[in-house]
Each structure stands twice: as C-alpha cells, then as structure tokens.
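The values are calculated or read from the model by the stated rules, or taken from the named source; none is laboratory data. Note that the structure is predicted; figures quoted are calculated from it, not measured. Note that we place each Cβ from the backbone using ideal geometry, even for glycine, and neighbour counts take in every protein chain shown. Note: areas computed on protein heavy atoms with side chains; ligands, DNA, RNA excluded. Shrake-Rupley method; radii C 1.70, N 1.55, O 1.52, S 1.80 Å.
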Amino acid sequence: MQHAVEARPAGSGYAIRVETGQRLRFDRQYSHPVEPLPAHRDAWTHGQLIASDWRLGDFLDELSRHRPGYLGYAPEVAELRISGAFQLADSDTVLDNLSHTLPIRIRRFSRYWTRVEAAPGQWTKP
C-alpha cells in the first residue's frame, strides 16, 4: 500500500483506503466519502503555502504550524485578505514581506515569540 493509508473508523467495521491527494473525514459513528484534497492543500509537501483570498488570521494560523514557537496576531488584522504563494523555509521573510504589503507590523519578542499587529497610524477606533 504505497502512497495510501487505510482508515478503520470504529463504528463502520470496514477499512477505507485513502490515496495520495485524497482526504477522509470521519468520527466514531460515521465516515464521509473519500474526496479529493482542495487545490493547493498539499503545497506544504513542496515547501509552499498557497493562499487565494484567505483571511490573514487563517493564513497566520496555517503558517504557525510550519515554524517553531508562538505566532499570534491581534484581532483587528485577522480579517485582512491575502493571496499568493509563500515559501515555508523562511517564515520570518514571509512575515517581513507581508508587513510591506499590508497595514501590519511584525513584533518579535524573542526568536520563538512573534506577534502580528496593526501598523501604527493605520487604524482608527470605531
């Protein structure tokens, strides 16, 4: 079974084969049909993160999975939109580049603690 796995949800009693490029969602009682992965979901296997009109909060959540330490963000920047292809090998450079294209600033408190905030003077309180 190269390039595939077998899943055996407890309540189903049978094995489900999941090939490369597919996904299976299941819980204890039910399994959904095997379906193709959404476009670019496997880009991380090639060292990339590809976003198409993503919320910045979702992008940063995904980016944080590929770097050590804590990567957080202020709520006011979470709804900004982002698109592009980003190299995961140097997430600090990705963050620095974002700070040049979005109204954000990157605050590094240590090598393992980074926070994305609104750039000073870019936001007004309601």
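Once fully extended, how much extra length lies between Glu19 and His66, figured as 0.36 nm per residue of separation less the alpha-carbon to alpha-carbon distance?
Answer, rounded to one decimal: 14.6 nm.
Can you give the net charge of the other residues whose Cβ lies under 12 Å from the Cβ of Phe109, counting K and R as +1 and D and E as -1?
+3
Percent of accessible area on the range 71-126 owned by carbon and sulfur, 1.4 Å probe?
Carbon and sulfur atoms account for 52 percent of the accessible area of the range 71-126.
Would you mind getting the accessible area per residue of the range 59-118, heavy atoms of the protein chains only, 1.4 Å probe, in Å²?
Ligands and nucleic acids excluded, the result is 57 Å² per residue.
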